[in-house]
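K.L.:
Can you keep this structure in mind? I'll have questions shortly.
The values are calculated or read from the model by the stated rules, or taken from the named source; none is laboratory data. Bear in mind the structure is a predicted one, so any value in this text is a computation, not a measurement. Quick reminder, even Gly has a Cβ in these numbers, built from the backbone with ideal geometry, and neighbours come from all protein chains shown.
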Amino acid sequence: MSGPAIAVSNVSKRYRKQIALDGVSLDVAPGERVALLGHNGAGKTTLLKLVLGLTHCDAGSIAVLGASPGSAAARRAYAYLPENVAFHKLLTGREQIAMLARLKGESAQRAAESLERVGLGDAMDRRIGTYSKGMRQRLGLAQLIIGQPQIVILDEPTSGLDPISREMFYSIVVELAEAGAAVIHSSHALTELEARTDRIAILRNGQLVADDRLAQLQINANLPIRLRVQAGLESADSIAERLGGARINGQAVELICQPGEKIARLAQVTSLGESVRDIDVIPPSLEDVYRHYCGLDASIDGAGMEKAS
Amino acid sequence: MTGRIAAMAAAELKIALRNRWILTATFMMTVFGLVLALAGSAPAGTVGADRLTVTVASLATLSVYLVPLIALLLSYDAIAGEVERGTLPLLLTYPVSRRDILAGKLVAQLAVVALAVAIGFGITAAAVWAAGGASLGGLRDLTRLYASAVLLGGTFLAAGFCLSAVTRQSAAAASLAIAIWIVAVVLFDVALLGAVVVDDGGLFTTHVFPWLLVAGPTDAFRLFNLSGLNVELEAGGLGGSAASLGVPGWAPLVSMALWPCALVVFAAFIFRRCEA
């Protein structure tokens with residue numbers, strides 16, 4: 001497959017008067033992981049549902065492996081984890097996953113293996129009604145890894161998962177992507193995503209306002225960088241005065257500078273010699289980048305900071 | 001494709017077993033069947049008709065009420081329940097067509113109806129047979145009744161599926177199911193009867209009424225079974241036999257076969273348009 005696995009071009013969708021998506025274009029290559037960010041109501045779930053063929057767009061077009069979303073060909077390629085994944089409470093975990101595996105043309109044995117993989121090996125013969133929320137979420141993961149999905153759609157999948165399960169979840173996503181799946185992953189868990197995604201797309205009021213690698217988004221946003229200086233022999237107050245930063249506690253001073261000024265600022269700090277014990281350079285986080293593209297103030301604390309946008 | 005329908009149906013059957021629907025449906029058919037058979041055995045002795053045939057007439061009347069009720073209660077939640085639980089979107093992304101989902105659910109529910117009716121009729125017939133006075137002719141009538149009861153169940157399963165896909169809410173679907181049941185088994189007959197009384201032997205009574213009667217799924221079922229019996233019996237509902245009404249003898253059978261087919265096609269049509 002040469003082109004993008006998922007090709008969304010100029011898609012618009014409205015629910016009655018409410019505009020959910022407005023001219024959104026997004027391509028995802030095989031093996032690529034794209035994080036889809038945005039506020040509640042920004043259109044994330046709508047976009048995912050369009051890609052899955054669960055609803056239809058008013059304008060624009062979507063191709064999934066060259067087929068139309070929701071077509072038989074596309075459905076053979078999907079793996080989907082909905083936001084609040086639900087199953088029938090009267091079935092056991094094994095029965096439910098075996099049923100879904102059969103729908104994908106896989107064996108019941110394969111279902112049991114995927115249940116073992118997500119740590120439900122001991123619970124698989126219990127009814128789903130007895131499962132905790134985290135266990136139901138892991139059941140959702142178990143159905144995700146059946147077959148060889150080429151299109152993986154994850155709608156806020158880590159809510160309700162404990163830290164261990166989250167690690168498992170991300171390792172599963174890596175495996176799926178390494179096997180060639182195109183992954184779209186909508187989330188609010190910004191700090192988790194930072195190191196676990198190839199590209200970031202941000203929706204704001206139904207429009208795509210960012211679509212790039214995190215490093216590139218950081219450069220484009222031109223967000224200030226924080227330098228945290230630990231006081232050595234000199235008091236934090238006097239360092240703050242000499243460098244023009246703000247004292248954040250008895251031992252440390254925070255300086256805020258534009259990316260272009262970083263080196264000059266660092267030279268200034270190191271020129272203080274023994275007065276300074278240590279320095280940390282804190283680049284803008286994904287959260288800062290997200291806030292920037294969503295038109296919010298940067299989260300950087302400190303007096304006298306200019307607005308990020 | 002058939003493997004997928006079977007997978008859907010197997011899961012549905014497990015659910016029906018565990019939420020005790022199979023048990024409830026079987027219990028209703030058996031208890032009411034036995035009560036009617038015992039109550040109906042007294043007059044049969046004087047008429048001299050085959051006891052099993054008399055029981056078949058009672059069971060036909062029972063089935064007109066009970067089979068549609070069981071079928072509607074089984075199917076009204078088919079789509080609405082999936083929507084409310086939030087299981088439908090995931091299912092619709094799987095490589096299973098909506099037609100196969102519909103087929104899988106209907107097959108399982110039809111199996112539940114078929115099983116409940118078979119056990120209910122079976123136990124009733126066995127009790128009558130054990131009491132004596134039954135013949136093989138009665139067994140043939142019972143088989144006819146059974147096959148047509150399953151067909152009647154199919155009609156109302158498909159009807160329940162339609163309203164489940166239209167409302168997408170369990171509570172709304174449940175109240176509509178009850179409304180459909182009352183209209184189909186009570187109000188339709190009452191309305192026809194009222195019209196016949198008002199018409200006072202006019203053109204409506206002779207030319208329109210018989211066809212309307214045959215067009216109703218429950219009346220077609222009644223006509224088909226009661227006119228098929230060897231002996232003339234006091235029918236529990238309207239009309240005696242198709243012939244006495246002036247419609248061809250095949251008409252009730254055609255009506256009974258057309259209803260489920262038409263409703264299944266309609267259910268598939270509604271379900272295909274339904275967005276998750």
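K.L.:
I'd like the residue in the stretch A:14-24 that is out of contact with any Gly (no Cβ under 8 Å at 6 or more places or on another chain) and in a strand (DSSP E or B) and, out of all such residues, is nearest to residue A:67 (Cα to Cα). Even if it seems obvious, please write down each step before you answer.
P.N.:
Applying the first criterion (out of contact with any Gly (no Cβ under 8 Å at 6 or more places or on another chain)) to the stretch A:14-24 yields A:14-18.
Remaining after also requiring in a strand (DSSP E or B): A:14-15, A:18.
Numbers: A:14: 23, A:15: 25, A:18: 28 Å.
In this case the residue turns out to be A:14.
K.L.:
Quick one: would you say residue B:6 is in contact with a helix residue (DSSP H, G or I) (Cβ under 6 Å, 6 or more places away or on another chain), modelled with pLDDT of 85 or more, within 14 Å of chain A (Cβ to nearest Cβ) and assigned to a helix (DSSP H, G or I)?
P.N.:
no
K.L.:
Conditions first: (1) within 13 Å of another protein chain (Cβ to nearest Cβ); (2) closer than 26 Å to residue A:36 by Cα; (3) buried (at least 19 other Cβ atoms within 10 Å of the Cβ). Residue A:158 passes all but one, so which condition is the exception?
P.N.:
(1)
K.L.:
Might you let me know whether the stretch B:175-196 holds any residue that is outside any helix (DSSP H, G or I), surrounded by fewer than 19 Cβ atoms within 10 Å (Cβ to Cβ) and touching a helix residue (DSSP H, G or I) at 6+ places or on another chain (Cβ under 9 Å)?
P.N.:
Residues of the stretch B:175-196 outside any helix (DSSP H, G or I): none.
Within the stretch B:175-196, none of the residues are outside any helix (DSSP H, G or I), surrounded by fewer than 19 Cβ atoms within 10 Å (Cβ to Cβ) and touching a helix residue (DSSP H, G or I) at 6+ places or on another chain (Cβ under 9 Å).
K.L.:
Would you mention how many residues in the stretch A:136-160 are outside any helix (DSSP H, G or I) and either of a type in the set (Ser, Thr, Tyr) or within 18 Å of the chain's Cα centre (by Cα) (or both)?
P.N.:
10
K.L.:
What pairs come out if I take residues in the stretch A:46-59 that are under 11 Å from residue A:184 (Cβ atoms) and facing chain B (nearest Cβ under 7 Å) and pair them with residues that are among the polar types (S, T, N, Q) and part of a loop (DSSP other than H, G, I, E, B) whose C-beta lies under 6 Å away, six or more apart or interchain?
P.N.:
A:52/B:93
K.L.:
Oh, and also: Can you go through A:79, A:123, A:86, A:98 and tell me which one is within 13 Å of chain B (Cβ to nearest Cβ), touching a Gly at 6+ places or on another chain (Cβ under 8 Å) and either more than 23 Å from residue A:184 (Cβ to Cβ) or modelled with pLDDT of 95 or more (or both)?
P.N.:
After ruling out the rest, the residue left standing is A:79.
K.L.:
Which residues, counting only those in the stretch A:42-60, are under 22 Å from residue B:88 (Cβ atoms) and part of a loop (DSSP other than H, G, I, E, B)?
P.N.:
A:43, A:53, A:54, A:55, A:56, A:57, listed by residue number.
K.L.:
Being β-branched (Val, Ile, Thr), farther than 23 Å from residue B:182 by Cβ and either at pLDDT 95 or above or assigned to a helix (DSSP H, G or I) (or both) is true for just one of B:35, B:83. Which residue is that?
P.N.:
B:83
K.L.:
Additional query: Could you grab the pairs with beta carbons closer than 7 Å, sequence gap of 6+ or different chains, first residue in the stretch A:67-90 and closer than 17 Å to residue A:158 by Cβ, second one in a loop (DSSP other than H, G, I, E, B) and among the aromatic types (Phe, Trp, Tyr)?
P.N.:
Going by the 7 Å Cβ cut-off, there are no qualifying pairs.
K.L.:
Let me ask something else about it. Just to be sure before I move on: is residue A:71 surrounded by fewer than 19 Cβ atoms within 10 Å (Cβ to Cβ), away from chain B (no Cβ under 14 Å) and among the hydroxyl-bearing types (Ser, Thr, Tyr) in the structure I sent?
P.N.:
no
K.L.:
Can you tell which of B:100, B:77 is within 14 Å of another protein chain (Cβ to nearest Cβ), not basic (Lys, Arg) and not in a helix (DSSP H, G or I)?
P.N.:
On the way: B:100 fails: not in a helix (DSSP H, G or I).
None of the others qualify; the one that does is B:77.
K.L.:
Within the stretch A:175-187, which residues are assigned to a loop (DSSP other than H, G, I, E, B) and closer than 15 Å to residue A:117 by Cβ?
P.N.:
A:179
K.L.:
Still on this structure, I have one more. Within the stretch A:101-111, can you find the residues that are small (Gly, Ala, Ser) and either more than 29 Å from the chain's Cα centre (by Cα) or within 8 Å of chain B (Cβ to nearest Cβ) (or both)?
P.N.:
Matches in the stretch A:101-111: A:105, A:107, A:108.
K.L.:
If we scan the stretch B:230-252, do we find a residue that is modelled with pLDDT of 85 or more and either in a loop (DSSP other than H, G, I, E, B) or hydrophobic (A, V, I, L, M, F, W, C) (or both)?
P.N.:
First, the residues of the stretch B:230-252 that are modelled with pLDDT of 85 or more: B:250-252.
Adding the requirement that they be either in a loop (DSSP other than H, G, I, E, B) or hydrophobic (A, V, I, L, M, F, W, C) (or both) leaves B:250-251.
Within the stretch B:230-252 (the criterion being modelled with pLDDT of 85 or more and either in a loop (DSSP other than H, G, I, E, B) or hydrophobic (A, V, I, L, M, F, W, C) (or both)), the answer is yes, since at least one residue qualifies.
K.L.:
Would you check which residues across the stretch A:97-138 are farther than 17 Å from residue A:158 by Cβ and touching a Pro at 6+ places or on another chain (Cβ under 8 Å) and list them?
P.N.:
A:103, A:104, A:105
K.L.:
While we're here: Looking only at the stretch A:166-174, decide whether some residue is more than 16 Å from the chain's Cα centre (by Cα) and not in a loop (DSSP other than H, G, I, E, B).
P.N.:
Checked the stretch A:166-174: no residue is more than 16 Å from the chain's Cα centre (by Cα) and not in a loop (DSSP other than H, G, I, E, B).
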